[in-house]
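Worksheet: one structure, shown below.
The values are calculated or read from the model by the stated rules, or taken from the named source; none is laboratory data. All figures in this text were calculated on a predicted structure; none of them were measured in a lab. Here the Cβ positions follow ideal geometry from the backbone for every residue, glycine too, while neighbour counts run over all protein chains shown. For the accessible areas, the whole protein counts, side chains as well, though only heavy atoms, and no ligand, DNA or RNA atoms are used. Shrake-Rupley method; radii C 1.70, N 1.55, O 1.52, S 1.80 Å.
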Amino acid sequence: ILGFSTPPGRLSMMAFILNALTCALGLLYFIRRGKQCLDFTVTVHFFHLLGCWIYNSRFPSALTWWLVHIVCTALMAAIGEYLCMRIELREIPLNSAPKSNV
């Protein structure tokens, strides 16, 4: 069903890309570590590969399937790492205690 020439194929590819973007937000919410984003991204896509293999009873061999998943893995890892690094690099407030009037 993944293909560049048909509208359902393009719609499926857009759904995969939007899923990668929302999963990058999930990395920000659940992982919060830039160094671990690539590990979790590859693990999630590996489990998806296993699920597709079991569901279809054959290993995915379509070039478009592999291209879409490589792009989605790269997008999810890069955007997730970027978002996590922004959170990690925030300034730590030093004056967190309330000021007292002496």
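Taking segment 1-15 on its own, how many of its residues are surrounded by fewer than 18 Cβ atoms within 10 Å (Cβ to Cβ) and part of a helix (DSSP H, G or I)? Spell out the reasoning first.
Our first condition is that a residue be surrounded by fewer than 18 Cβ atoms within 10 Å (Cβ to Cβ); within segment 1-15, this holds for 1, 3-12, 14-15.
Filter once more, so that each one left must be part of a helix (DSSP H, G or I): 7-12, 14-15.
Summing the residues that are surrounded by fewer than 18 Cβ atoms within 10 Å (Cβ to Cβ) and part of a helix (DSSP H, G or I) in segment 1-15 gives 8.
Mind checking whether some residue in segment 17-28 is over 11 Å from the mean Cα position of the chain (by Cα) and surrounded by 11 or more Cβ atoms within 10 Å (Cβ to Cβ)?
Within segment 17-28, the first condition is being over 11 Å from the mean Cα position of the chain (by Cα), and the residues that meet it are none.
No; the residues of segment 17-28 include none that is over 11 Å from the mean Cα position of the chain (by Cα) and surrounded by 11 or more Cβ atoms within 10 Å (Cβ to Cβ).
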Looking at segment 55-77, which of the residues that are in contact (Cβ under 8 Å) with a residue 24 or more places away in the chain and β-branched (Val, Ile, Thr) is least open to solvent (accessible area, probe 1.4 Å)?
-> Val68
Considering Leu18, Leu38, Leu11, which residue is more than 30 Å from Arg90 (Cα to Cα) and of a type outside the set (D, E, K, R)?
-> Leu11
Which one is farthest from Gly3 (Cα to Cα), of the residues in segment 41-68 that are in a helix (DSSP H, G or I) and touching a helix residue (DSSP H, G or I) at 6+ places or on another chain (Cβ under 6 Å)?
-> Thr41
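Look at segment 29-45 and say how many of its residues are open to solvent by less than 70 Å² (accessible area, probe 1.4 Å) and at pLDDT below 90. Quick ask: steps written out before the conclusion?
Filtering segment 29-45 down to residues open to solvent by less than 70 Å² (accessible area, probe 1.4 Å) leaves 31, 34, 37, 41, 43, 45.
This time we only want the ones that are at pLDDT below 90, so: 31, 34.
Adding up the residues that qualify gives 2.
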Can you tell which of Thr6, Thr41 is in contact with a Ser or Thr (Cβ under 7 Å, 6 or more places away or on another chain) and among the polar types (S, T, N, Q)?
-> Thr41
Given the conditions (1) touching a helix residue (DSSP H, G or I) at 6+ places or on another chain (Cβ under 6 Å); (2) within 16 Å of Thr22 (Cα to Cα); (3) of a type outside the set (S, T, N, Q), which single one is not true for Tyr82?
-> (1)
Check Cys23 against each of (1) touching a helix residue (DSSP H, G or I) at 6+ places or on another chain (Cβ under 7 Å); (2) not in a helix (DSSP H, G or I) and name the one condition it does not meet.
-> (2)
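Taking the options Ala62, Ala74, name whichever one is within 22 Å of Met13 (Cα to Cα) and at pLDDT 95 or above.
Ala74
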